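Please treat every number below as a calculation from the coordinates, not as lab data. Every value quoted in this text rests on a predicted model; they were computed, and no experiment measured them. Here Cβ is always computed from backbone atoms with ideal geometry, including for glycine, and neighbour counts include all displayed protein chains.
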Amino acid sequence: MFKIDSFVLYVENIEISKNFYTNTFECDGEVLSPTFISFSLGDGVSVELKQLAQVSPKAHITGGGTELSLMVDNSKVLHHLYEQWEKKGVKFIQTPLELIFGITFVAIDPDGHRIRVFTPNIKGSEHLITELFL
């Protein structure tokens, strides 16, 4: 029925956020306008940044109420990514931790948007991933 195209994050300062995502995701965003930048995550899905002051209709909420959830292949990749991001100065609100659904950590961007990275448990992972999102 629907296909997820993008996740739009409202940001206070487009340049600060662009630099954060360029550095953290190690890719350049496509500048679609001076107030709108798109970062492709592959498989036709992107994270897009929109300058809050230019949102129409007006919005007053930025980060913290939702999170981007990014799955990686295994715990080795997860820990390596955590170490890379830590060296880059990314702030975390949860360090790597094993939970019922798998191993995860949560970073935040300059506006407080949560970025959860996880690798699911192998045993019964379909059931556990469903529980994560309930």
What list do you get for Thr66, Thr24, Thr104, Thr35 if you sort them by fewest beta carbons within 10 Å?
Thr66, Thr35, Thr24, Thr104
Segment 1-62: relative contact order as a whole-number percent, Cα under 8 Å and 6+ apart:
41
Charges only on Cβ, +1 for Lys and Arg, -1 for Asp and Glu: so what's the dipole of the chain about the Cα centre, in debye to the nearest 20?
180
Can you give the extra length, in nm with one decimal, that the chain gains between Val31 and Ile16 once fully stretched, where that is 0.36 nm per residue apart less the Cα-Cα distance?
4.0 nm
List every residue whose amide H lies under 5 Å from the amide H of Glu48, counting only residues 5 or more places away in sequence or on a different chain, with H placed 1.01 Å from N in the peptide plane.
Phe7, Val8, Leu9, Phe39
If you rank Val72, Val77 by fewest surrounding Cβ atoms within 10 Å, what's the result?
Val77, Val72
Using only Cα atoms and rounding to the nearest 10 degrees, what angle (0 to 90) does helix 75-87 make with the longest principal axis of the chain?
40
Compute the Kirkwood hydrodynamic radius of the chain, taking the inverse of the mean of 1/r over all pairs of distinct Cα atoms, and give it in Å to one decimal.
15.8
Once you've got the GNM for the chain with C-alpha springs shorter than 10 Å, pick whichever of His79, His113, His60 has the biggest mean-square fluctuation.
His60
Mean Cα-pair separation over length for the chain, i.e. relative contact order, pairs under 8 Å, 6 or more apart, %
22
Can you put Tyr10, Tyr21 in order, fewest other beta carbons within 10 Å first?
Tyr10, Tyr21
